[in-house]
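Take a look at the structure set out below.
The values are calculated or read from the model by the stated rules, or taken from the named source; none is laboratory data. The shown structure was predicted, so the numbers you read here are calculated from the model rather than taken from an experiment. Methodologically, a virtual Cβ is constructed for each residue, glycine included, from the backbone with ideal geometry; neighbour enumeration extends over all protein chains shown.
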Protein chains: 2
Amino acid sequence: MTAVLTPDELEEKLRTHAKQYHSEHPFHQRMNEGQSSPEEIRGWVANRFYYQENIPRKDGAVLSSCPDREVRRRWVQRIIDHDGTTEGTGGIESWLRLGEAVGLSREEVEDSRHLLPGVRFAVDAYVTFTRTKPWVEAVASSLTELFAPNLMAQRLAAFERYYTWIDPAGLAYFRSRLTQAPRDSEHGLEVVRKHCITPETQAAAVAALSFKCDVLWSMLDSIDQAYGPR
Amino acid sequence: MTAVLTPDELEEKLRTHAKQYHSEHPFHQRMNEGQSSPEEIRGWVANRFYYQENIPRKDGAVLSSCPDREVRRRWVQRIIDHDGTTEGTGGIESWLRLGEAVGLSREEVEDSRHLLPGVRFAVDAYVTFTRTKPWVEAVASSLTELFAPNLMAQRLAAFERYYTWIDPAGLAYFRSRLTQAPRDSEHGLEVVRKHCITPETQAAAVAALSFKCDVLWSMLDSIDQAYGPR
């Protein structure tokens, strides 16, 4: 029988998953060291769009299963951040502009012509997870955001240093996540710390975060296979 | 084989469901004629809360299944309207205040102690519908809002005339729906007119609206059985 953890112990355990985060994937390691080819960057941007595009759908699933109005009031901001409030705003739009900055037309990003099966399967698995699991587990799965700001900061530095062929204006998405991700992960942590107070729910929260790390890692495996060096 | 309808013909066909709307239910007819007892009003307010409370959850389901950013940008407003943006705001809060105005404590409304099984089943069927059906059908099921403003206007008049024991400040929810419902139904109609352009999808939209009318009607059947005159 597993003992129940204090909220701080649970948080600490969740944070150990940083080493399972996709920042450790060889594809991202190479990217951050300036070794990615334009083809790799483009393949990654085009495929990662499918993830970006599905974020509001997984957040809609959280709203749909969450019975707590106060949580929903804060969670809905994620959808607004990604969809924007008017044409030409929001995180999905920023990602399309990143696509243009790396030399992809909006059309070829939006129509998924470059989307790899493995990336589709991983993203779909994530959306399905948020639709079918208890809402607190769906929240826990979002906690990869704990690790995102470090990766974003590294990536911004790498792009400005090594990938000077990319217009820095195209990097607005990464910049916006520097502030959004900490705000979001703080809320997610608050929910998990409050609701996961039995060994079972704590184990489920850790499993949800591990699952989400697998989703991100698996996407990079497919992208690395398709576009990486042989 | 059924012929395809023009958007105007489809809209006209949808609008004929006004006669299936719960404004025609004996319970609402009596309420609007001033014949409801305080017990009936209280039973209705307490039970209808379960519907109010679930609105953001069905709207989250629509966001989760809708692939169109522009639709989501407008649809998310429904969630904000119902949940509010801060403690003490939003449509669900307004309904709790209606509860207080008719003599129900917030606690007894929020803890569902008065909730009738038939009302729960009907509301749950609605949420399940929006989670499992194609998103355009979920949108079509919201079109009972086409008929809501008439009922709201009648109800406001009836409450102010016949139910003078209820503080008119408690009727804010109905007032807010006088403007929200037309805005929402206009958007819903726009989506259905645009996307339902085959006999199959048009029949599905009509069936979705009919189903939703059944949900509202069935709730009143249960409420009428429990609290209405014998």
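Points worth noting:
- Sole exception among (1) in contact with an Asp or Glu (Cβ under 6 Å, 6 or more places away or on another chain); (2) farther than 15 Å from residue A:55 by Cβ for residue A:184, by number: (2)
- Any hit, the range B:151-168, residues being in contact with a Leu (Cβ under 7 Å, 6 or more places away or on another chain) and farther than 19 Å from residue B:36 by Cβ: no
- Tabulated pairs, the range B:1-26, first of a type in the set (Gly, Ala, Ser), second surrounded by 15 or more Cβ atoms within 10 Å (Cβ to Cβ), C-beta under 6 angstrom, 6+ apart or interchain: B:18/B:147; B:23/B:151
- Set side by side, the residues B:156, B:151 differ, and just one is closer than 26 Å to residue B:30 by Cα, aliphatic (A, V, I, L, M) and under 15 Å from the mean Cα position of the chain (by Cα), which is B:151.
- Taken together, the residues in the range A:29-44 that are under 16 Å from residue A:151 (Cβ atoms) and in contact with a helix residue (DSSP H, G or I) (Cβ under 6 Å, 6 or more places away or on another chain) amount to 4.
- Selection from the range A:158-186 of residues that are of a type in the set (Phe, Trp, Tyr) and assigned to a helix (DSSP H, G or I): A:159, A:162, A:173, A:174
- Selection status of residue A:56, surrounded by fewer than 17 Cβ atoms within 10 Å (Cβ to Cβ), touching a residue at least 24 places away in the same chain (Cβ under 8 Å) and of a type outside the set (Phe, Trp, Tyr): no
- The range A:54-74: number of residues that are more than 8 Å from chain B (Cβ to nearest Cβ) and either in contact with a Leu (Cβ under 6 Å, 6 or more places away or on another chain) or under 29 Å from residue A:226 (Cβ atoms) (or both): 2
- Total residues in the range A:7-20, condition exposed (fewer than 11 other Cβ atoms within 10 Å of the Cβ) and either closer than 15 Å to residue A:191 by Cα or acidic (Asp, Glu) (or both): 1
- Pairs with Cβ under 8 Å, 6+ apart, first in the range B:62-77 and more than 11 Å from residue B:191 (Cα to Cα), second surrounded by fewer than 16 Cβ atoms within 10 Å (Cβ to Cβ) and β-branched (Val, Ile, Thr): B:73/A:85; B:73/A:86
- Matching helices (runs of 4 or more DSSP H) fully within the range A:46-157 where at least 3 residues are of a type in the set (Ser, Thr, Tyr): A:117-132
Yes or no, residue by residue, for (1) touching a residue at least 40 places away in the same chain (Cβ under 8 Å); (2) under 21 Å from residue A:93 (Cβ atoms):
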residue: A:145; (1), (2): yes, yes
residue: A:164; (1), (2): no, no
residue: A:167; (1), (2): yes, yes
residue: A:182; (1), (2): no, no
residue: A:192; (1), (2): yes, no
residue: A:216; (1), (2): yes, no
residue: A:226; (1), (2): yes, no
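- Residues that are surrounded by fewer than 20 Cβ atoms within 10 Å (Cβ to Cβ), on the phi < 0 side of the Ramachandran plot, of a type in the set (Lys, Arg) and at pLDDT 95 or above do occur in the range A:22-42, at least one of them.
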